[in-house]
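Visitor: One structure, as structure tokens, below. Some questions next.
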Amino acid sequence: MVGSSCIGPDAAIPPRTGTTRRLGSVAGMDAKEWLDAYAARLGTTAPDEATVEVLLDLAGVAAHSSERTAAPITCWLIGVAGLAPDEALALARELAAEQPG
């Protein structure tokens with residue numbers, strides 16, 4: 001499904017090529033503004049600050065337990081699985097604690 005506007009659970013994930021990230025806001029939006037606008041496009045509401053913090057913690061556990069690329073995909077997986085962020089964070093911490101080293 002390369003080139004698709006939506007990646008489903010059975011879709012292949014295209015490889016990343018030469019992307020660079022800029023610090024700061026893009027086109028004048030900060031993170032909250034982006035989340036609010038994107039949530040509106042999706043027909044939902046953006047997460048509150050507490051939920052954002054849990055999601056960032058979850059992404060951190062995933063990234064520090066494996067590779068950085070695991071962070072956003074882990075957050076995507078909880079959406080597909082329908083888990084609450086707190087529940088997903090607890091499961092991620094359990095998995096991380098089971099890893100050697």
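Visitor: Return the only residue of L23, L83 being at pLDDT 95 or above and aliphatic (A, V, I, L, M).
Guide: Exactly one residue qualifies, and that residue is L83.
Visitor: If you scan the range 64-80, which residues turn out to be more than 21 Å from P47 (Cα to Cα) and loosely packed, with under 13 Cβ neighbours inside 10 Å?
Guide: Passing the criteria: H64, E67, R68, T69.
Visitor: Just the residues that are touching a Leu at 6+ places or on another chain (Cβ under 8 Å) and more than 20 Å from A96 (Cβ to Cβ), please, taken from the range 42-69.
Guide: Listed by number, the residues that qualify are A46, P47, V52.
Visitor: Among the residues of the range 81-97, which ones are closer than 17 Å to P47 by Cβ and open to solvent by 80 Å² or more (accessible area, probe 1.4 Å)?
Guide: D86, E87
Visitor: What is the number of the single condition among (1) open to solvent by less than 50 Å² (accessible area, probe 1.4 Å); (2) under 21 Å from L35 (Cα atoms); (3) among the β-branched types (V, I, T) that V61 does not meet?
Guide: Failed condition: (2).
The values are calculated or read from the model by the stated rules, or taken from the named source; none is laboratory data. What you see is a predicted model, and the numbers here were worked out from it, not measured in a lab. Ideal geometry is used to build each Cβ from the backbone, glycine not excepted, and the neighbour counts take in all protein chains shown. Surface accessibility is based on the protein's heavy atoms, side chains included, excluding ligands, DNA and RNA. Shrake-Rupley method; radii C 1.70, N 1.55, O 1.52, S 1.80 Å.
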